[in-house]
Amino acid sequence: MPRPRPRPDAARSASGGIDGAALLRSFSGGAAALRRQAAALNAINVFPVPDGDTGTNMSLTMRAAVDEAERATDGTLSGVARAAARGALMGAKGNSGVILSQIIAGFVAPGGDALDGAAFAAALDRGRDAAYRVVSQPREGTILSVITAASAAAARATRGSDVESVLAAAADEARAAVARTPEQMPLLKEAGVVDAGAQGLYVLLEGMLRALRGEEIALPAEDLGTIDPAWLAATERAHEDGHAPGFCTEFVIQGEALDADAIRARLASMGESVLVVGGGALVRVHVHTHEPEDALAYARTLGAVSHEKADDMEAQFQALAARRHEHQAPARARSLAIVAVGAGDGVEALLRSIGAAAVVRGGQTMNPSAGEILAAIDATGARDVIVLPDNKNVILAAQQAARASSARVHVVPSRSVPQGIAALIAANSEAGVDENVAAMSAAIVAVRTGEVTHAARATTISGLSIAQGQPIGLVDGELCVAEPSIAAAVRACVARMLDGGDASLVTLYAGEGEDAASAEALAEALRAEFGVDVEVAAGGQPHYPYLIGVE
């Protein structure tokens, strides 16, 4: 059905162009629409190897774009566009988020301080080109099909039209293109739904248009299809028969003269679903691989690596299947569940054994996204969920996930795995949520944490002269120990943590590569020197030979 004629708006110039403030308002409307529709998009994500949750990933990516654009110093059209593109690139989550970041990057172009209808259409076309370039094996029936249809409709609408009219034409055609996706991709038709990423792009464009017009952002509910139980059952059987999809691995490389094409070719030999965007000084990577450390090791030869994550896609699928089955049962059947963050097989097993309903893989150097935490929260099916971030850099993401969930989520701000374990031990399944939050919050305060690792580079800090690779120790987040060996660093950390206190228990969490005999010998030496109980747990955490908890 054709849309009503656009009304005059102060955001438009006489030529129908919009300025930087109006573009930002439009992007904000798109982000708001995605946030409100995220759960509906997640519910139709049908790929057998779910790359996170499409709705959550697109919402978080667009939110990152808007947050960065809001910090743009000059507020000009070009400044807003550049900032939004950088924010989307750095904050991209999953396949859908990386592709979306390239569509947003299409708005970056030399020009004046106003964007007219023709320039808007050209921006969508550039975004389409960029999106296709980063996908190694483009498929129809996806977000790519919809951006192609939307940009073509925008181009047809440009003659004598302003931005609102061009955007309206793009959004209308996007909606029609979404409806065609089941005919373009057999998987969607078998499952009984439209493509989630395709629908997400329509939601974005519609939200942008409504914000530009000053209209209500909330979109009416649409019939996106319902997952066919027979399809889901068949897919689950395929996984039970030995399907091993590996890890969804993402990271950012910062370096010099980075060649995106060369990086893409190298990573294609390591896995599938390879996306490499950017170039020059900054590249973002997404790849599905069985050996994420190999991909990260290669990346580190090119420059500094950040924003690392490696999600077990088999575990994602099982969580997705569990949520789908929950949709067929009374919602939120459980009253209280606890979600914790941790890395390492031993750490994850320990967190589950003492009460965590779900463990989100992550920690130092591999902080999980808000979307991953949100997926774990929702997968519990509980009315109340307590989240233990177990890392200071994960607290904000946990709080963002809490705001986005339909459950009542309470974040107990644990800053380390030892604190998280103490909080789980303090939890009482028979007590109310408020009592548990209070008890767990008190428990984390009573725990001191030590972390022993190797220095990544030479430095001088807090009066310590540290060589690259030297064993170092942090106590409660403060670097205060530099020693010739890992064992000496552990001993020095424990001495500081026991100084002036009445602690009665020290727990050593042995990391990846540390053998049990050496860990027990170290514990025995600490018992003899300090006269306290020392327990050893096989943590298996990466990067840190030992984590230390003192209670």
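If R0 is 45 Å, the Cβ-Cβ spacing of Asp67 and Ala528 corresponds to a FRET efficiency of close to 0.30. Normalised by the number of residues in the chain, the average gap of Cα pairs under 8 Å and 6 or more apart makes the relative contact order 10 percent.
Count the net charge of all other residues whose Cβ sits under 9 Å from the Cβ of Glu250, scoring Lys and Arg as +1 and Asp and Glu as -1. Taking every Cβ under 9 Å from that of Glu250, the sum is +1. Extension gain, Leu505 to Ser462: 0.36 nm times the residue separation minus the Cα-Cα distance gives 12.7 nm. Near the amide H of Ala337, within less than 5 Å, lie the amide hydrogens of Asp384, Val385, Ile386, all on another chain or at least 5 residues away, with H placed in the peptide plane. Tell me the angle of helix 196-213 to the major Cα principal axis of the chain, expressed in degrees between 0 and 90 and rounded to the nearest ten. The helix 196-213 is inclined about 70 degrees to the chain.
For a test of the definition: using alpha carbon positions, the gyration tensor, and the 1.5 limit on a/c, classify region 45-150 as rounded, prolate or oblate. Oblate shape, in that a/c is at least 1.5 and b/c is the bigger or equal ratio. Any idea how far the Cα center of region 362-432 sits from the one of region 257-295, in Å? Value for the Cα centre distance between the two parts: 31 Å. Protection proxy ranking of 96-104, 121-129, 381-389, by the mean of other Cβ atoms within 10 Å over each peptide's residues and highest first, is 96-104, 381-389, 121-129. Between region 183-206 and region 457-480, what's the alpha-carbon centroid distance in Å? Between the Cα centre of region 183-206 and that of region 457-480, the gap is 51 Å.
Give me the net charge of Leu505's neighbourhood, meaning all other residues with Cβ under 15 Å from the Cβ of Leu505; Lys, Arg count +1, Asp, Glu -1. Combined, the nearby Lys, Arg, Asp and Glu give -2.
Overall form of region 348-465: prolate. Here a/c, set by the Cα gyration tensor axes a ≥ b ≥ c, is 1.5 or more, and a/b is the larger of a/b and b/c. Taking 16 Å as the cut-off, the amide N atoms of region 451-467 that come nearer than this to a point 7 Å along the Cα-to-beta-carbon line of Gln254 belong to 457.
Projecting label points 7 angstrom from Cα along Cα→Cβ for Ala262 and Ala179 puts them 4.9 nm apart.
To the nearest ten degrees, helix 143-156 and the longest principal axis of the Cα atoms of the chain are 30 degrees apart.
Calculated mean residue ellipticity, 222 nm, the chain: -15500 deg cm²/dmol, from DSSP H runs (n ≥ 4) at -39500 (n - 2.57) each, averaged per residue and rounded to 500.
Residues in region 439-450 carry Karplus couplings, in order, of 5, 5, 5, 5, 5, 5, 5, 7, 10, 9, 10, x Hz; the curve used is 6.51 cos²θ - 1.76 cosθ + 1.60 with θ = phi - 60°, and Gly or Pro positions show x.
Using θ = phi - 60° in the Karplus curve 6.51 cos²θ - 1.76 cosθ + 1.60, the 3J(HN,Hα) couplings for region 377-394 round to 4, 5, 5, 5, x, 8, 6, 10, 10, 9, 10, 10, x, 6, 6, 4, 7, 9 Hz; x is entered for Gly and Pro.
Net charge around Leu526, counting only other residues with Cβ within less than 12 Å of its Cβ (Lys, Arg = +1; Asp, Glu = -1)? It works out to a net charge of -3.
Rolling a 1.4 Å probe across the protein heavy atoms gives the chain an accessible surface of 42 Å² per residue. Each residue of region 483-488 was assigned a 3J(HN,Hα) from its phi angle through the Karplus expression (A = 6.51, B = -1.76, C = 1.60, θ = phi - 60°), giving 9, x, 9, 4, 4, 5 Hz with x at Gly and Pro.
To the nearest ten degrees, helix 77-91 and the longest principal axis of the Cα atoms of the chain are 40 degrees apart. For the chain, the Cα gyration tensor yields ellipsoid semi-axes of 45, 26, 22 Å (square root of five times each eigenvalue, largest first, whole Å). Here the peptides 337-345, 394-402 are ranked by packing, the mean other Cβ count within 10 Å, and the order with the highest first is 337-345, 394-402. If the reach is capped at under 22 angstrom between alpha carbons, list the lysines near Lys392, excluding any in the same chain fewer than eight residues apart. In chain and number order, the partners are Lys93, Lys309. Counting DSSP beta bridges in the chain, what percent are antiparallel, to the nearest 5? If we restrict to bridges inside the chain, about 70 percent are antiparallel.
The values are calculated or read from the model by the stated rules, or taken from the named source; none is laboratory data. All values derive from a computational prediction rather than experimental measurement. Don't worry about glycine lacking a Cβ; one is built from the backbone with ideal geometry, like all the others, and counts go over all protein chains shown. Remember, those area values only see protein heavy atoms, side chains included, never the ligands or the DNA or RNA. Shrake-Rupley method; radii C 1.70, N 1.55, O 1.52, S 1.80 Å.
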